[in-house]
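The values are calculated or read from the model by the stated rules, or taken from the named source; none is laboratory data. Since the structure is predicted, the reported quantities are computational estimates derived from the model, not experimental observations. For neighbour counting, all protein chains shown are included, and Cβ atoms are generated from backbone atoms with ideal geometry for every residue, glycine included. In case anyone asks, the SASA skips ligands and DNA or RNA and just uses the protein heavy atoms, side chains included. Shrake-Rupley method; radii C 1.70, N 1.55, O 1.52, S 1.80 Å.
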Amino acid sequence: MTQAHAQQRLDPVEMLGERFAAAIADAFAGKLEGGAVDPLITPSKNPQHGDYQSNAAMPLAKTLGMPPREVAKAIVEKLDLGDLATPMDESSIAGPGFINVRLKPETLAELVGELDRPGLGVKAEEQQTIVVDVCGVNLAKQMHVGHLRSTVIGDAMCRTLEKLGHTVIRQNHVGDWGLPIAMVVAKLQSEAKAGRIDLGKVTLDDLDRLYKVAKQESSADTKGLKAVERFQLGPKAQAELEAQVAGANEALEHAKQTLVKLQSGDAEIVALWQKLYDVTMGACLETCKRLQANITAKDSAGESSFRDQLGEIVQILLDKKLAEEDGGALVVRNEGLEPTLVRKSDGGYLYATTDLAAVRKRVKQLGADRVIYCVDARQALHFKQVFATAKKAGFAHKIGANEDSTLEHAPFGMVLGEDGRPFKTRSGENVKLSDLIDEAEQRAAVISTEKNPDLAGDERQKIAHTVAVAALKYADLSSDRIKDYVFDWDRMLAFEGNTGPYLLYTYVRIRSIFRKAEEQGIVAGYESAALAINEPEEKQLALVLLRYPATVASVARTLEPHRMCGYLYELAGTFSRFFEHCPVLKAETDVSRLSRLRLCDLTARVLADGLDCLGIQTLERM
Ligand code: ARG
């Protein structure tokens, strides 16, 4: 049996789907045009009616011009669920024509037994090479709350895809090239010459400050000057604004010269740029590590790494007659999109040009079957332009295959403050990601001291760190990726509700059951114990557990980690109900106790594995 089959056999939705599809084909042979009909199997909304239901009769009734209950009856007559479910008859049909199915306890036990193997039934049918664009920091800028999303969501996508057996290559497309960077390099040089900064001790905070100063110096208030002239605001205002514009032009000119030197390899300028790079990336990778995001130096492929290819990229666009001149600049036109600028009239290249080179590398050199960009939704147009141009130019064409690699933008919304506006500090600055982690840790430490005053200092610190990171990441991952969400400390750190701490707590609770069982010497043999799934709460738990492989697959397909969060939250809730109603250590028989221990253990492993997909670590105690 192939792995793909093993996975399919685990998922009751798929198994029932096959049987229903066969019954439908059989019942209406010759009356239905086209291919197979979707049997529309879903888990039952109301467990009293059954475990699963098929909603196929209603749409079929329309197509066939028959009453839906008649359609349902015809399907049930042909249905062969033999070994899977309890026998079906007219009483299985409810309302307008829903068909309810109840699985046999033995079937459930067998399926859960299949799930309970290394890998938990998670495996893709076809292994791909997938490049994921993550993090995307910029030199001389602190990581802020927006990078939480590109880092945390991007890493969760990578982990989920890896779990399915794909080869995943992370690419951190660092903004490390171009005029803004040259501007900071120029500023760093003049500050160092003037003795105002010690190059040996530069921090990212220094660079961030220089960036802001440089930006201000080179952005001229030309509009202000025009207004002065137009409204005749007087010689004083005129002189002031003229001086400012002149200064700005000078700063900009200096930055341009610095960029030329940087491009031609001037030793002093290159060394300063390297300083900028090392300081920024040092801080960035440290933050990734604190966030337990698997993004390291080897994943960095900054804009600068494409600098020597940009001329060639534009030449290809010209040769293929895709780029055309427009007022001295070169643009590519794609239907339905605004033109994409690929070379400015002064000869400079753009963000889009670099991204075209990056597509080419990812597809041709890294061998990507699929390229995913986990980037802010505000860049949607940019990626549409890049993807359309890359495809036309052949940059997305897979080597040795007659098809293009899939290019996908997986956009995310903004993080908002309580006031519903972009999340900022009180003084209106971007919130530094490292400050955010610090604060999360402090808050988590206070909570953990309250809950558990006897913990030793270093253990408390470890717990606080894990809980803090779980809370922060989970809050980000559990909200619908494309939507904006409101940052809320109290909600994310709560031990109830759909939060990271709640899931960690559920895991810890199961681990403590096992510690107790061990103390009482009643744990041996549960790993291979026969599963007895009889109580409704045992059954519910089994049904939710069985959805795990399909959940991982759906996150990989939709790139929506919040589906995993929703699943884990449901699993935790179902487990709680099970634990409330079905005594484990005090079960009536040994058979029942060992079976329940096995269910507990499987739940813990599914929780840990699902959290691992999200990049969240578990704890033994908290
Ligand atoms: N550095 C960019 C920014 O801050 C993000 C990079 C996204 N990735 C890409 N391939 N363009 O906006």
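At-a-glance table
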quantity	calculated
Neighbours by Cβ (under 7 Å, 6+ apart or cross-chain): first from the range 136-149, among the β-branched types (Val, Ile, Thr); second assigned to a helix (DSSP H, G or I)	Val137/His147; Val137/Thr280; Val137/Cys284; Val145/Leu433; Val145/Leu436
Complete set of residues in the range 186-216 that are out of contact with any Lys or Arg (no Cβ under 8 Å at 6 or more places or on another chain), farther than 19 Å from Met143 by Cα and not basic (Lys, Arg)	Ala186, Gln189, Ser190, Glu191, Ala192, Ala194, Gly195, Ile197, Asp198, Gly200, Gln216
Extreme residue, surrounded by the most Cβ atoms within 10 Å (Cβ to Cβ), among residues of the range 345-384 that are out of contact with any strand residue (DSSP E or B) (no Cβ under 7 Å at 6 or more places or on another chain) and not in a helix (DSSP H, G or I)	Gly348
Residue match in the range 332-343 (condition: more than 29 Å from Gly615 (Cβ to Cβ), touching a Phe, Trp or Tyr at 6+ places or on another chain (Cβ under 8 Å) and either open to solvent by less than 10 Å² (accessible area, probe 1.4 Å) or more than 16 Å from the ligand (Cβ to nearest atom) (or both))	yes
Among the candidates Ala85, Ala74, Ala61, Ala56, residue that is under 15 Å from Leu103 (Cβ atoms) and either in contact with a His (Cβ under 8 Å, 6 or more places away or on another chain) or surrounded by 18 or more Cβ atoms within 10 Å (Cβ to Cβ) (or both)	Ala85
Helices (runs of 4 or more DSSP H) completely within the range 222-293 that count 2 or more residues being β-branched (Val, Ile, Thr) and either surrounded by fewer than 18 Cβ atoms within 10 Å (Cβ to Cβ) or within 40 Å of the chain's Cα centre (by Cα) (or both)	235-263, 267-290
Total residues in the range 605-622, condition out of contact with any Cys (no Cβ under 9 Å at 6 or more places or on another chain), open to solvent by less than 50 Å² (accessible area, probe 1.4 Å) and within 27 Å of Ala550 (Cα to Cα)	9
Residue in the range 316-325 that is least open to solvent (accessible area, probe 1.4 Å), counting only those that are touching a strand residue (DSSP E or B) at 6+ places or on another chain (Cβ under 7 Å) and in contact (Cβ under 8 Å) with a residue 40 or more places away in the chain	Leu317
Matching residues, the range 95-110, being out of contact with any strand residue (DSSP E or B) (no Cβ under 8 Å at 6 or more places or on another chain), assigned to a helix (DSSP H, G or I) and open to solvent by less than 50 Å² (accessible area, probe 1.4 Å)	Leu108, Ala109
Enumeration of residues in the range 386-412 that are open to solvent by 20 Å² or more (accessible area, probe 1.4 Å), among the polar types (S, T, N, Q) and within 16 Å of the ligand (Cβ to nearest atom)	Thr406
Residues within the range 151-177 that are surrounded by fewer than 21 Cβ atoms within 10 Å (Cβ to Cβ) and within 18 Å of Tyr277 (Cβ to Cβ), tallied	1
Near pairs, Cβ below 9 angstrom, 6+ apart or cross-chain, from the range 166-192 (under 12 Å from Ala251 (Cα atoms)) to any residue that is acidic (Asp, Glu)	Met183/Glu217; Lys187/Glu217
Residues satisfying the stated conditions in the range 124-133, i.e. open to solvent by less than 20 Å² (accessible area, probe 1.4 Å) and either within 8 Å of the ligand (Cβ to nearest atom) or in contact with an Asp or Glu (Cβ under 6 Å, 6 or more places away or on another chain) (or both)	Asp133
Residue match in the range 299-315 (condition: more than 30 Å from Asp480 (Cα to Cα), in a loop (DSSP other than H, G, I, E, B) and either open to solvent by 20 Å² or more (accessible area, probe 1.4 Å) or not acidic (Asp, Glu) (or both))	no
Residue within the range 159-177 that is within 37 Å of the chain's Cα centre (by Cα) and among the small types (Gly, Ala, Ser) present	yes
Residue in the range 482-503 that is assigned to a helix (DSSP H, G or I), of a type in the set (S, T, N, Q), surrounded by 20 or more Cβ atoms within 10 Å (Cβ to Cβ) and within 23 Å of the chain's Cα centre (by Cα) present	no
Meets criteria (among the hydroxyl-bearing types (Ser, Thr, Tyr), modelled with pLDDT of 95 or more and farther than 27 Å from Asp51 by Cα) for Thr466	yes
Residue match in the range 328-336 (condition: touching a residue at least 60 places away in the same chain (Cβ under 8 Å) and under 30 Å from the mean Cα position of the chain (by Cα))	no
Every residue from the range 425-452 that is open to solvent by 60 Å² or more (accessible area, probe 1.4 Å) and within 14 Å of Arg621 (Cβ to Cβ)	Lys451
Counted residues, the range 567-604 - those being touching an Asp or Glu at 6+ places or on another chain (Cβ under 8 Å) and either among the charged types (D, E, K, R) or open to solvent by 20 Å² or more (accessible area, probe 1.4 Å) (or both)	6
Selection count where residues are of a type outside the set (S, T, N, Q), farther than 21 Å from Ala471 by Cβ and within 13 Å of the ligand (Cβ to nearest atom), scope the range 135-169	5
When residues of the range 350-377 are limited to those that are small (Gly, Ala, Ser) and more than 19 Å from the chain's Cα centre (by Cα), the one nearest to the ligand (Cβ to nearest atom)	Ala358
Ala227, sole failed condition from (1) touching a helix residue (DSSP H, G or I) at 6+ places or on another chain (Cβ under 8 Å); (2) at pLDDT below 95; (3) of a type in the set (A, V, I, L, M, F, W, C)	(1)
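Rundown of residues vs (1) touching a His at 6+ places or on another chain (Cβ under 7 Å); (2) basic (Lys, Arg); (3) modelled with pLDDT under 95, yes/no style:
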position	(1), (2), (3)
Ser478	yes, no, no
Ile482	no, no, no
Asp488	no, no, no
Leu493	no, no, no
Asn498	no, no, no
Tyr502	no, no, no
Tyr505	no, no, no
Arg511	no, yes, no
Phe514	no, no, no
